[in-house]
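Rule-based calculations on the coordinates, nothing more; no lab input. Fair warning: this is a prediction, and the values are worked out from it, not measured in the lab. So basically every Cβ, Gly included, is an ideal-geometry build from the backbone, and we count neighbours across all protein chains shown.
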Amino acid sequence: MRIEKLTTHIGAELSGVNIAEAAKNDDLFAEIRAALLEHKVLFLRDQVIRRADHIAFAERFGALEDHPVAGSDPDNPGLVRIYKDENSPPDYYENSWHADATWREAPQMGAVLRCIACPPVGGDTMWANMEKAYDDLPDHIKTQIAGLKARHSIEASFGARMSDEARAALKARFPDAEHPVVRTHPETGRKALFVCGFTTHFTNFHTADNVRYGQDYAPGAGQLLAYLISRAAIPEYQVRWRWTPNSMAIWDNRCTQHYAVMDYAPTVRKMERAGIIGDKPF
């Protein structure tokens, strides 16, 4: 297996490796897992594999989970189909910086995504290193957010395009989750900024240390949250991947965010993702 870094701070392409083999080879999988912790997102091309191989490889990291809104392959639970074509609704978007399923009490550990079909140009995906985004914060901001927590909502994101009744039912199944604004990686111990497009507000900002007058809280808290979320958009923290059929990405959802570029309508883009169950952030 060969590893080629794609940018200074995030992303590497693997070559000389087949995911189907890695699903069965303990030593090879261990190499890939170590590379993932170092580079945060890994890319491969020309992976002509079966869906069963895709799932078997992803399950080496942990159990998989379905998505309550996006459809899964009926024969392969846990393999979420992200299919777009000429008839896809215009408000079904992915172009927002986010970590997957932060609206869950235990957001995903990571994911393995495979391209089935894509336009000849467009439909790239970008990832951002949220550890670097945290490391580069000014010290006074690090101090201010050290103990902050925030809410993450499926109701305000996936639920927004639903009817009132369907949105209420979705929130009843998945109440807003509260997570630390700065989470610690359970394997490396590194800190990462953990707010994204699913984050709605801080839950413990309104204290004497932060709020002297009303505008310190509103819009002060909102401005701080918007600033933190915007850190993912800094190009120096990013890598961009151009998809081809049978190319794949493996990423650590605990320390990255990603953004699917919606510049390809009205053409076909079909992706299949295996999301790996994670743990509660701390």
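Please report the Cα spread of segment 78-232 along all three principal axes, rounded to whole Å, starting with the longest.
Principal axes ranked by extent give 52, 39, 27 Å for the Cα atoms.
Which entries of 40/191; 191/280; 84/191 show an alpha-carbon separation above 23 angstrom in the structure shown? Before the final figure, lay out the partial values.
Numbers: 40/191 13 Å; 191/280 15 Å; 84/191 35 Å.
Listed pairs above 23 Å: 84/191.
List the pair-distance distribution P(r) of segment 1-121, using every Cα-Cα distance, as the percent of pairs falling in each 5 Å bin from 0 up to the bin containing the longest distance, rounded to whole percents.
Taking every Cα pair in segment 1-121, the percentages come to 2, 9, 17, 22, 21, 18, 9, 3, 1.
Could you check which residue among 45, 269, 161 shows the biggest mean-square fluctuation in a GNM of the chain with a 10 Å Cα cutoff?
161
Over segment 223-262, what lengths in whole Å, largest first, do the semi-axes of the equivalent ellipsoid take, defined as the square roots of 5 times the eigenvalues of the alpha-carbon gyration tensor? Numbers along the way, then the final one.
Working: eigenvalues 119, 27, 16 Å².
The answer is 24, 12, 9 Å, longest axis first.
Using packing as a proxy for protection, rank 173-180, 146-153 so that the peptide with the highest average count of other Cβ atoms within 10 Å comes first. Walk me through the numbers before you get to the answer.
On the way: 173-180: 16.9, 146-153: 19.0.
Highest mean packing first, the order is 146-153, 173-180.
Under 5 Å between amide H atoms, partner at least 5 residues away or on a different chain: which partners does residue 270 have, H built in plane at 1.01 Å?
Residues meeting the amide H criterion: 84, 116, 117, 118.
Based on C-alpha coordinates, I'd like the Rg and Dmax of segment 75-127, in Å.
Over segment 75-127's Cα set, Rg and Dmax evaluate to 13.2, 38 Å.
Show me, for segment 194-200, the HN-Hα J-couplings you get by feeding each phi into the Karplus relation (A = 6.51, B = -1.76, C = 1.60, θ = phi - 60°), rounded to Hz, glycine and proline as x.
These are the phi-based 3J(HN,Hα) values: 10, 10, 7, x, 8, 7, 9 Hz.
Mind running the shape call on segment 156-282? Use the C-alpha gyration tensor, a ≥ b ≥ c as the square roots of the eigenvalues: rounded below 1.5 for a/c, prolate if a/b tops b/c, oblate otherwise.
Prolate is the answer for segment 156-282, as a/c is 1.5 or above and a/b outweighs b/c.
May I ask for the equivalent-ellipsoid semi-axes of the chain, computed as the square root of five times each C-alpha gyration tensor eigenvalue and listed largest first in whole Å? Could the numbers behind the result be given before it?
On the way: eigenvalues 196, 102, 61 Å².
Equivalent ellipsoid semi-axes, largest first: 31, 23, 17 Å.
Per 0.36 nm of contour for each residue apart, how much would the distance between residue 187 and residue 37 grow if the chain were fully extended, relative to their Cα-Cα spacing?
Working: separation 150, 0.36 × 150 = 54.00 nm, distance 0.83 nm.
Length difference between fully extended and current span is 53.2 nm.
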